[in-house]
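S.K.: Quick one: structure below, then a few questions.
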Amino acid sequence: MEEKKDYRAELFYEPKNGYDRLSSEEAGKLEGYCEGYKAYLNVARTEREAVNEAIALAEREGFVEYAPGMSLSAGDKVWFSNRGKALMLAVIGKKSAAEGLVIAAAHVDSPRLDLKQVPLYEDTEMAFFKTHYYGGIKKYQWTSIPLELHGVVVKKDGEVVDVVIGRDKDDPQLVVNDLLPHLAADQMKKTLSEAIPGENLNILIGSVPYDDEGSDRVKLAVMSILNSRYGITEEDFISAELYAVPGFDVRDIGLDRSLIGGYGHDDRVCAYAELRAIFDVEEPERTCVCILADKEETGSDGVSGMKSQAFEWFVSRLCEQQGVSLVDCFAKSMCVSADVTAAFDPNWPEVSEKRNAAKINYGVGLNKFTGSRGKAGTSDAPAELVAYMRRILDENGVQWQMCELGKVDQGGGGTVAMYMANRNIDTIDAGVPVLSMHAPFEVVSKYDCYMTYKTMLAAYSAK
């Protein structure tokens, strides 16, 4: 019987709960890492804030801003901000860029409510902001929860005004109203996707009228507050990027504190893992690049998205320093598309195929492919790259699990992986399994967060 048991262990693939193999020393490191992540997530409410905080952390770790033409040698650490909404960091390796780069790419935008360019109006002596939702949301989840307003207003003369309302404990918060159940009979007959129309996601911002005899007195009173605090007029909204995000603090979840709840785990949880890993890598063989991209939730288009030529611009400058062609560098490079995956939820088992679903506390989730239906919208990582990841993760004591995003034909999703693969870079998805993904308050496992960091560090440190 003992021989059969050993034979079974040798031949079967049987992942185990990470806490069954976690040492007390590793548990301490895990908690320390997660406290740092929680602090980052509390500050990084938008992609601009995520980039600003990442730069601040990077400079404490010895990174300097990249300038075209600057001399770089092994061990040098540089960062480059793409319009303040995306970020690239690099640690120069011992080997030439002709040997390729090790890239980790995450995104720092998250679903939210964007203010329209002419947002402010008054109705029945209440003032509201009109919004246009950003990314894939369940609209009903955004009603009757506390909201904060974050972003920038750019005046006609070019002055940039930072706006943050609701983050400070003494700040007022905002809200999108919903119907009381007593009068919602018709609403509750509708499907979840129809019950809250997008045009009804209007944010309540005030109700006290301005002390005069004119019209739109509540709107005027609100505008006077904004003008006094930020020096802006209504026309300045036209050149503003203002986002309403959930007003929840990041908190430990569960009586055992094994989980983290907060807004924006998708995908700042992987962005932070990349950051910490590129800070901690020591004397890498190949040049390591960390990407924090924007616009993934809407398709990665635009000047700050992963399809942008800004990535080519940055890497080509690094290659020129060494007399290496960009296309030759890409052909030898590899990328970990660091994005979250769906965690199996026993409350809704019907949407997942249990044998291939990611589980909480089973480590980083590796996705050979994402996409939907017949693998549409994915790069589908080469088997050789999957085998390579298995090897380096095992060698570095990283717990990992293979997974897919839901049952075939159930739905699906995408990442930046295919845009990296389209550049002739071998790419695989790896990230943290998430419960309640894209909700205003998502949940992740501390263990999985830590293993995702170790995954990025193993990739950067590989010989």
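The values are calculated or read from the model by the stated rules, or taken from the named source; none is laboratory data. Bear in mind that the values here come from a model prediction, so they are computed numbers and not experimental data. We place every Cβ from the backbone using ideal geometry, glycine too, and count neighbours over all the protein chains shown. We work out accessible area using only protein heavy atoms, side chains counted, and drop any ligands, DNA or RNA first. Shrake-Rupley method; radii C 1.70, N 1.55, O 1.52, S 1.80 Å.
S.K.: Identify, please: which residue in the range 69-111 is basic (Lys, Arg) and under 21 Å from residue 306 (Cα atoms) and is, among those, most open to solvent (accessible area, probe 1.4 Å)? So that I can check it myself, show each step before the final result.
M.R.: Residues of the range 69-111 basic (Lys, Arg): 77, 83, 85, 94-95.
Now narrow it down to the ones that are under 21 Å from residue 306 (Cα atoms): 83, 85.
Details: 83: 150, 85: 20 Å².
Ranking the qualifying residues of the range 69-111, first place goes to 83.
S.K.: Ok, one more. For the range 247-256, name all the residues that are in contact (Cβ under 8 Å) with a residue 60 or more places away in the chain and either on the phi > 0 side of the Ramachandran plot or aliphatic (A, V, I, L, M) (or both).
M.R.: Of everything in the range 247-256, those that are in contact (Cβ under 8 Å) with a residue 60 or more places away in the chain and either on the phi > 0 side of the Ramachandran plot or aliphatic (A, V, I, L, M) (or both) turn out to be 250, 253.
S.K.: Select from the range 214-236 the residues that are among the hydrophobic types (A, V, I, L, M, F, W, C) and without any contact (Cβ under 8 Å) to a residue 24 or more places away in the chain and write down the one among them that is most open to solvent (accessible area, probe 1.4 Å).
M.R.: Here is the first cut: in the range 214-236, the residues among the hydrophobic types (A, V, I, L, M, F, W, C) are 218, 220-223, 225-226, 232.
Within this subset, residues satisfying the condition of being without any contact (Cβ under 8 Å) to a residue 24 or more places away in the chain are 220, 225-226.
Details: 220: 70, 225: 110, 226: 21 Å².
The selected residue is 225.
S.K.: Next up: Just give me the residues in the range 39-50 being part of a helix (DSSP H, G or I), of a type outside the set (A, V, I, L, M, F, W, C) and open to solvent by less than 30 Å² (accessible area, probe 1.4 Å), in sequence order.
M.R.: Our first condition is that a residue be part of a helix (DSSP H, G or I); within the range 39-50, this holds for 39-43, 47-50.
Narrowing the set further to residues that are of a type outside the set (A, V, I, L, M, F, W, C) leaves 40, 42, 47-49.
Selection gives 40, 47.
S.K.: Looking at the range 335-342, is at least one residue in a loop (DSSP other than H, G, I, E, B), among the polar types (S, T, N, Q) and under 24 Å from the mean Cα position of the chain (by Cα)?
M.R.: Within the range 335-342, the subset in a loop (DSSP other than H, G, I, E, B) is 339-340.
Filter once more, so that each one left must be among the polar types (S, T, N, Q): none.
No, because not a single residue in the range 335-342 is in a loop (DSSP other than H, G, I, E, B), among the polar types (S, T, N, Q) and under 24 Å from the mean Cα position of the chain (by Cα).
S.K.: Another question about this same structure. Residues to consider are 302, 247, 254, 261; find the one that is closer than 30 Å to residue 159 by Cα and out of contact with any Leu (no Cβ under 8 Å at 6 or more places or on another chain).
M.R.: Values: 247 fails: out of contact with any Leu (no Cβ under 8 Å at 6 or more places or on another chain); 254 fails: closer than 30 Å to residue 159 by Cα; 261 fails: closer than 30 Å to residue 159 by Cα.
The unique qualifying residue is 302.
S.K.: Among the residues of the range 162-195, write down those that are crowded, with 16+ Cβ neighbours inside 10 Å and either touching a strand residue (DSSP E or B) at 6+ places or on another chain (Cβ under 6 Å) or part of a helix (DSSP H, G or I) (or both).
M.R.: Kept after step one, since they are crowded, with 16+ Cβ neighbours inside 10 Å, are these residues of the range 162-195: 163, 165-167, 174-176, 178-179, 195.
Result: 163, 165, 166, 167, 174, 175, 176, 195.
S.K.: So which of 35, 53, 14, 26 ends up being over 16 Å from residue 288 (Cβ atoms), over 18 Å from the mean Cα position of the chain (by Cα) and part of a helix (DSSP H, G or I)? Write out each step before concluding.
M.R.: Details: 35 fails: over 18 Å from the mean Cα position of the chain (by Cα); 53 fails: over 18 Å from the mean Cα position of the chain (by Cα); 14 fails: part of a helix (DSSP H, G or I).
Going through 35, 53, 14, 26 in turn, the sole match is 26.
S.K.: Criterion first (surrounded by fewer than 10 Cβ atoms within 10 Å (Cβ to Cβ), at pLDDT below 95, more than 25 Å from residue 115 (Cα to Cα) and over 34 Å from the mean Cα position of the chain (by Cα)) does residue 211 satisfy it? Don't jump to the end; show me each part of the working.
M.R.: Working: surrounded by fewer than 10 Cβ atoms within 10 Å (Cβ to Cβ): yes; at pLDDT below 95: yes; more than 25 Å from residue 115 (Cα to Cα): yes; over 34 Å from the mean Cα position of the chain (by Cα): yes.
Criteria met by residue 211.
S.K.: I'd like to know if the range 419-426 contains one or more residues that are open to solvent by less than 40 Å² (accessible area, probe 1.4 Å), touching a Cys at 6+ places or on another chain (Cβ under 8 Å) and either in a loop (DSSP other than H, G, I, E, B) or not hydrophobic (A, V, I, L, M, F, W, C) (or both).
M.R.: Yes, the conditions are met somewhere in the range 419-426.
S.K.: In addition: What residue, of 66, 121, is aromatic (Phe, Trp, Tyr) and open to solvent by 30 Å² or more (accessible area, probe 1.4 Å)?
M.R.: Values: 66 fails: open to solvent by 30 Å² or more (accessible area, probe 1.4 Å).
Exactly one of 66, 121 is aromatic (Phe, Trp, Tyr) and open to solvent by 30 Å² or more (accessible area, probe 1.4 Å), namely 121.
S.K.: Say we look at the range 399-412 and pick out the residues that are buried (at least 20 other Cβ atoms within 10 Å of the Cβ) and closer than 12 Å to residue 365 by Cβ; which of these is modelled with the lowest pLDDT?
M.R.: 405
S.K.: Could you tell me whether any residue of the range 126-148 is more than 27 Å from the chain's Cα centre (by Cα), among the basic types (Lys, Arg), open to solvent by 50 Å² or more (accessible area, probe 1.4 Å) and over 18 Å from residue 237 (Cβ atoms)?
M.R.: Let us first name the residues in the range 126-148 that are more than 27 Å from the chain's Cα centre (by Cα), namely 126-128.
Then keep just the ones that are among the basic types (Lys, Arg); that gives none.
No: the range 126-148 contains no residue that is more than 27 Å from the chain's Cα centre (by Cα), among the basic types (Lys, Arg), open to solvent by 50 Å² or more (accessible area, probe 1.4 Å) and over 18 Å from residue 237 (Cβ atoms).
S.K.: Are there strands (runs of 3 or more DSSP E) fully within the range 237-303 with at least 2 residues that are open to solvent by 10 Å² or more (accessible area, probe 1.4 Å)? List them.
M.R.: On the way: elements: 240-246, 251-253, 259-262, 288-293.
Here the list reads 240-246, 251-253.
S.K.: Which numbered condition in (1) under 22 Å from residue 292 (Cα atoms); (2) assigned to a loop (DSSP other than H, G, I, E, B) is the only one that residue 409 fails?
M.R.: Every condition holds for residue 409 apart from (1).
S.K.: Can I ask one more? Among (1) hydroxyl-bearing (Ser, Thr, Tyr); (2) in a strand (DSSP E or B); (3) within 30 Å of residue 56 (Cβ to Cβ), which single condition is residue 121 missing?
M.R.: Every listed condition holds for residue 121 apart from (3).
S.K.: Let me ask you something else. Output the number of residues of the range 91-115 satisfying the condition of being within 13 Å of residue 334 (Cβ to Cβ) and among the hydroxyl-bearing types (Ser, Thr, Tyr).
M.R.: 0
S.K.: If I ask for residues that are under 30 Å from residue 151 (Cβ atoms), out of contact with any Gly (no Cβ under 9 Å at 6 or more places or on another chain) and of a type in the set (Ser, Thr, Tyr), which ones from the range 58-116 would you list?
M.R.: Matches in the range 58-116: 66, 81.
S.K.: Something else now. Output the qualifying pairs, or none if there are none: Cβ atoms under 7 angstrom, residues six or more apart or on different chains, first residue in the range 140-162 and touching a residue at least 12 places away in the same chain (Cβ under 8 Å), second residue open to solvent by 40 Å² or more (accessible area, probe 1.4 Å) and acidic (Asp, Glu).
M.R.: Listed by first residue and then by second, the contacts come to 143/178; 144/178; 151/241; 152/162; 152/241.
S.K.: Would you be able to say whether some residue in the range 340-352 is crowded, with 20+ Cβ neighbours inside 10 Å, touching a Phe, Trp or Tyr at 6+ places or on another chain (Cβ under 7 Å) and under 28 Å from residue 30 (Cβ atoms)?
M.R.: There is at least one residue in the range 340-352 that is crowded, with 20+ Cβ neighbours inside 10 Å, touching a Phe, Trp or Tyr at 6+ places or on another chain (Cβ under 7 Å) and under 28 Å from residue 30 (Cβ atoms).
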